Amino acid sequence: MCSLSIFPLIPGDGQIPLCEVDGRVQYSTPDFLNLHLFTMSVSDHPKVILTKDVLHHSTPRVFAGQVFLPGSDNLVHTIQDAWYENGAGQVLQVLSEREDMWVFFKIVAKYLLSAYKVFEKAMQYVSVPRHVEVPMEDYEKCSEPVVHMNWHPECTKLAVATRDDTVTLFCANTSVNPILKAKAQRRITCVAWRPLTSGELAVACSEGVYVWNVDPTTFVTRPAFSSAIHLPFSYVTNLAWSPQGDILMICNSQAPWMLVWEVDTKRSVILKRVGGGGVSLLSWSPDGSKLLAATNTKLLRVWDTSKWTCESWWTAGGSVNCACWSQNGATLLFTTNNEPYIYSLPSFSPVFTDKSKRPSACMAADLTRVQLPSGYLVGGEVKGMTWDRSNRRLALIFKDSPLIAVFYTCLRPQLQISPGFFIKGLCDEIPSFICFQNNFAEGANLTICWSNGRVQYFPMIFRDAQMTPRGTAVSCTAIINRLNDCSYYYSPPS
């Protein structure tokens, strides 16, 4: 099994890797980072420069309850405040914790509070509310200036979402960078370009999803917010377009269901299965036939989008935090937040037809944390994973590690993962987000955002590079009609 301990060592003279050309990594000194000496493949790419307002954004984000001081300690006033703040549950919480309450009333309040919590938990699997809030603390854990990046599937366009709730579009061969910003678009979590369109972008935030339509020929730097399509859905933590761009899947990590949204007609259907906790990660296979829905528990589901039935899989430990499909949709790679391994579900041909032949997930690579001779630590919990469209380079970043690990991969005759090389940044830089460009014709172009806001292109040039065609997705109308004919609750396939 491939592991990080057998990777080639990093040069010890302080050189920085710039690119890979025909299997050889090219290095340069930090004071002379001239990529054009080795390749001109990204010379016409947009230069991503983040302003000081973004890098030093420090607008306080607090709850109303953190602003106002508690008032009178009178029991009636305390109960009234608790009721208006969080309802019956908060009232019972106050009564069970009051020291001046009679013991009998405290015991009764404690048991009623336990019953209330059980009832509230059960209602999550019966009702289908569309407004589920995520605690502010979960959003504030990350302090990097860049929240998310996404390349357009067919064009050289990069969308960068930053901590100041701004989405900036960087396009090739133009100096105009449209900015998508609005007062209602707060606490952005991710962005995704709509396939087969030139300028439609979905932005997930605390108020739901906004789908912007930016004219590629316009010279307007601030498109009108009124032109954006809005889907109220608090709070969207992840979304994914179908490969044909006709369906947008939306989820919330605190809710055990997904929303299937047909944007053009504004029709939506809730897709739900009992158990497993909130849906935290969505990923379509490139051919559109399968959809990964990972929960914040050990459960992950692979949906068959032709019938909208699913099969459940359980990880050995932890929840799935990163996942990548192969371009033919036959192999799924994923990592968990508790185990230092890359797992693969290699053969999906018997899935949804014969459970006795269903393959099991296997360990594909060992990511155990190691210390290199140069002193760098690499490995452990994966923070980000991306696979290029040729399925020849797999890049990972790790929590509290300044290095990016790039693996060599091959799908034929079966999945093979081999040691590649490490990428490091300048002094004190830590990678915060990575993604591959989708339409890079000369190989794979890894786009890296560092902790100080610097965005770097790392091209990997293949002599025999060729683009892998995108798969054909299932018809949107057929999907919506099938979902409308079915219940919100689905049973496993027979």
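Data table
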read-out	value
Pairs with Cβ under 8 Å, 6+ apart, first in region 35-54 and farther than 20 Å from PRO17 by Cα, second surrounded by fewer than 17 Cβ atoms within 10 Å (Cβ to Cβ)	ASP44/ALA172; ASP44/ASN173; PRO46/ALA172; PRO46/THR174; PRO46/ASN177
Residue match in region 401-417 (condition: in contact (Cβ under 8 Å) with a residue 24 or more places away in the chain, charged (D, E, K, R) and part of a loop (DSSP other than H, G, I, E, B))	no
Any chance ALA323 is closer than 23 Å to GLY208 by Cβ and in contact with a Leu (Cβ under 9 Å, 6 or more places away or on another chain)	no
Unique match (being surrounded by 12 or more Cβ atoms within 10 Å (Cβ to Cβ), in a helix (DSSP H, G or I) and at pLDDT below 60) among ASP81, ASP138	ASP138
Some residue of region 146-161 being part of a loop (DSSP other than H, G, I, E, B), open to solvent by 10 Å² or more (accessible area, probe 1.4 Å) and closer than 24 Å to GLU429 by Cα	no
ARG358 open to solvent by 40 Å² or more (accessible area, probe 1.4 Å) and modelled with pLDDT of 95 or more	no
Residues within region 296-345 that are among the aromatic types (Phe, Trp, Tyr), modelled with pLDDT of 90 or more and open to solvent by 40 Å² or more (accessible area, probe 1.4 Å), tallied	1
Residues of region 36-75 that turn out to be out of contact with any Pro (no Cβ under 8 Å at 6 or more places or on another chain), modelled with pLDDT of 65 or more and open to solvent by less than 100 Å² (accessible area, probe 1.4 Å), as a count	10
Residue within region 202-209 that is open to solvent by 20 Å² or more (accessible area, probe 1.4 Å) and of a type in the set (A, V, I, L, M) present	no
Test: residue in region 381-397 that is open to solvent by less than 20 Å² (accessible area, probe 1.4 Å), among the β-branched types (Val, Ile, Thr), free of Cβ contacts under 8 Å to residues at least 40 places away in the same chain and not in a loop (DSSP other than H, G, I, E, B)	yes
Any hit, region 365-379, residues being assigned to a strand (DSSP E or B), in contact (Cβ under 8 Å) with a residue 40 or more places away in the chain and open to solvent by 20 Å² or more (accessible area, probe 1.4 Å)	yes
Those residues of region 11-29 which are over 21 Å from GLN437 (Cα atoms) and either at pLDDT 90 or above or of a type in the set (Lys, Arg) (or both), in sequence order	GLN15, ILE16, TYR27, SER28, THR29
Those residues of region 216-248 which are surrounded by fewer than 22 Cβ atoms within 10 Å (Cβ to Cβ), under 19 Å from ALA161 (Cβ atoms) and either touching a His at 6+ places or on another chain (Cβ under 9 Å) or not small (Gly, Ala, Ser) (or both), in sequence order	THR221, ARG222, PRO223, PHE225, ILE229, HIS230, LEU231, SER234, ASN238
Subset of region 1-21 [over 31 Å from the mean Cα position of the chain (by Cα) and touching a residue at least 12 places away in the same chain (Cβ under 8 Å)]	PRO11, GLY12, GLY14, GLN15
All positions within region 369-391 that are more than 23 Å from the chain's Cα centre (by Cα) and β-branched (Val, Ile, Thr)	VAL370
Among the candidates ASN213, ASN173, residue that is open to solvent by 20 Å² or more (accessible area, probe 1.4 Å), at pLDDT below 95 and on the phi > 0 side of the Ramachandran plot	ASN173
Total residues in region 176-188, condition surrounded by fewer than 20 Cβ atoms within 10 Å (Cβ to Cβ), β-branched (Val, Ile, Thr) and not in a strand (DSSP E or B)	1
Qualifying residue in region 346-355 (condition: hydroxyl-bearing (Ser, Thr, Tyr), open to solvent by 50 Å² or more (accessible area, probe 1.4 Å) and modelled with pLDDT of 90 or more)	no
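The values are calculated or read from the model by the stated rules, or taken from the named source; none is laboratory data. Note that the structure is predicted; figures quoted are calculated from it, not measured. Please note: Cβ atoms are built from the backbone with ideal geometry, for glycine as well, and neighbour counts cover all protein chains shown. Heads up: the accessible areas ignore ligands, DNA and RNA and are worked out on the full protein's heavy atoms, side chains in. Shrake-Rupley method; radii C 1.70, N 1.55, O 1.52, S 1.80 Å.
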